[in-house]
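Shown next, in structure tokens, is the structure this report addresses.
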Amino acid sequence: MRSAETGPLGSAALRILAVAAVYYAAAQVGLLHQLVRDQVTPLWPPTGVALAALPIMGLRVWPGIALGAFLVNVFLGPSLTSVLVITAGNTLAPVCACLMLRRAGFRNELDRLRDVLALVFLGALAGMLISSTIGSGVLVLSGAVDAGDFWPTWSVWWTGDAMGILVVTPFLLVLRRARWPSRAGPGRWLEAVALAFGTVFVTLVATRPPESNLLFLVSPLLVWAAFRFRLAGAAPCALVVSTLAIMAAAAARGPFASDDVFANMVTLQAVNGTTALTALLLAAVITERDTTHEEIKRVCARLAEMVSRMEPGPESHDYPPEDHPPP
């Protein structure tokens, strides 16, 4: 009886520690691409990790988010009290976002347009208001940021968290359901490889020329991924494009060669937002269309079967006797 009780507790503890470890690792990756040291991070992957973990594992793994956020901020925050408050905000934001998504009937498959819209407006835009407001307010009250810099700090915090959800969360939700396609032929594999290499190559080329903006060239690849591979192709392509764009911004290459950090930040977030929304919305619309088409086919098949059962067979017809002429 005792082992049966400790089993679920041990499993829950392992999940919490796993969430904390992934959260911390994602934060270290995000801190590698800062536009300004310890301040401006255009994409904060931990928020995407947190909002993917909560619908999958349940709200009971929130201590893992809190632990990971604390370990990250304890080396960045101005004081222990500020770190604790920022940790609370970073934990409360994805939890509230998850609760709002549940209320809206969100499905992890992201196979409906309403699911993508809920993730964008409730998960990213609305939910991350909590962490950005609490975090920026704490930095101002602690003296780490001037009062006049509250709104710039708030906007950077909010857009970074929102982009983390738009780019990372769909990829993790797709990765969770990934299965080896047993029916895929050589042509399908060749197309997937061509799409992957094409996305990387075109994005690198688009971010290389100095003072030129060729990032629009990646749009056909996002459309290709959404039409042919649905969310399983669109989400990884969006992640690749956003990651390479952030690396170009950190190195001040291509359209991010300007010395104005604010202008680079606006350009980068416009690229990331457009990339994520194009990929997710188009994939959801096509998936929903396919689902509706399959449902119509099933309904038509059932109707045809019902009609065939209602039609009387030839043996059930009563034919009148033939009229023979008199002899």
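Here are the numbers for this structure:
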{"read-out": "Helices (runs of 4 or more DSSP H) lying entirely in segment 116-225 (those with 1 or more residues that are under 22 Å from Gly58 (Cα atoms))", "value": "128-141, 150-176"}
{"read-out": "Residue, nearest to Arg112 (Cα to Cα), within segment 285-327, restricted to residues that are of a type in the set (Gly, Ala, Ser) and at pLDDT 65 or above", "value": "Ala301"}
{"read-out": "Qualifying residue in segment 92-102 (condition: of a type in the set (A, V, I, L, M, F, W, C), in contact with an Asp or Glu (Cβ under 6 Å, 6 or more places away or on another chain) and either crowded, with 16+ Cβ neighbours inside 10 Å or in the same structural domain as His293 (by TED's automatic domain parsing) (or both))", "value": "no"}
{"read-out": "Condition met for Ala284 (of a type outside the set (Val, Ile, Thr) and in a loop (DSSP other than H, G, I, E, B))", "value": "no"}
{"read-out": "Filter result for Ser131 (of a type in the set (Ser, Thr, Tyr), closer than 30 Å to Cys237 by Cβ and surrounded by fewer than 20 Cβ atoms within 10 Å (Cβ to Cβ))", "value": "no"}
{"read-out": "Matching residues, segment 156-176, being farther than 17 Å from Pro94 by Cα and touching a helix residue (DSSP H, G or I) at 6+ places or on another chain (Cβ under 8 Å)", "value": "Val156, Val174, Arg176"}
{"read-out": "Residue check, Leu195 within 29 Å of Val120 (Cα to Cα), modelled with pLDDT of 90 or more, of a type in the set (A, V, I, L, M) and in the same structural domain as Ala257 (by TED's automatic domain parsing)", "value": "yes"}
{"read-out": "Leading residue by the ranking (modelled with the lowest pLDDT) among those in segment 26-38 that are over 21 Å from Leu92 (Cα atoms) and either part of a loop (DSSP other than H, G, I, E, B) or among the small types (Gly, Ala, Ser) (or both)", "value": "Arg37"}
{"read-out": "Residue check for Ala270: without any contact (Cβ under 8 Å) to a residue 60 or more places away in the chain, in contact with a Pro (Cβ under 9 Å, 6 or more places away or on another chain) and closer than 23 Å to Thr199 by Cα", "value": "no"}
{"read-out": "Residue within segment 73-84 that is in the same structural domain as Gly123 (by TED's automatic domain parsing), touching a residue at least 40 places away in the same chain (Cβ under 8 Å) and surrounded by 22 or more Cβ atoms within 10 Å (Cβ to Cβ) present", "value": "no"}
{"read-out": "Test: residue in segment 256-274 that is charged (D, E, K, R) and modelled with pLDDT of 85 or more", "value": "no"}
{"read-out": "Checking Val95 against (1) of a type outside the set (Lys, Arg); (2) part of a helix (DSSP H, G or I); (3) out of contact with any Leu (no Cβ under 7 Å at 6 or more places or on another chain), the condition it does not meet", "value": "(3)"}
{"read-out": "From the options Thr275, Thr243, Thr199, residue that is touching a Cys at 6+ places or on another chain (Cβ under 6 Å) and of a type outside the set (Gly, Ala, Ser)", "value": "Thr199"}
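Residue-by-condition table, conditions (1) modelled with pLDDT of 90 or more; (2) assigned by TED's automatic domain parsing to the domain that holds Val241; (3) under 27 Å from Ala226 (Cα atoms):
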{"residue": "Asp111", "(1), (2), (3)": "no, no, yes"}
{"residue": "Arg114", "(1), (2), (3)": "yes, no, yes"}
{"residue": "Gly123", "(1), (2), (3)": "yes, no, yes"}
{"residue": "Ile130", "(1), (2), (3)": "yes, no, no"}
{"residue": "Asp149", "(1), (2), (3)": "no, no, no"}
{"residue": "Val156", "(1), (2), (3)": "no, no, no"}
{"residue": "Asp161", "(1), (2), (3)": "yes, no, yes"}
{"residue": "Pro170", "(1), (2), (3)": "yes, no, yes"}
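The values are calculated or read from the model by the stated rules, or taken from the named source; none is laboratory data. On a predicted model such as this, the values are computed, not experimentally measured, just so you know. Here Cβ is always computed from backbone atoms with ideal geometry, including for glycine, and neighbour counts include all displayed protein chains.
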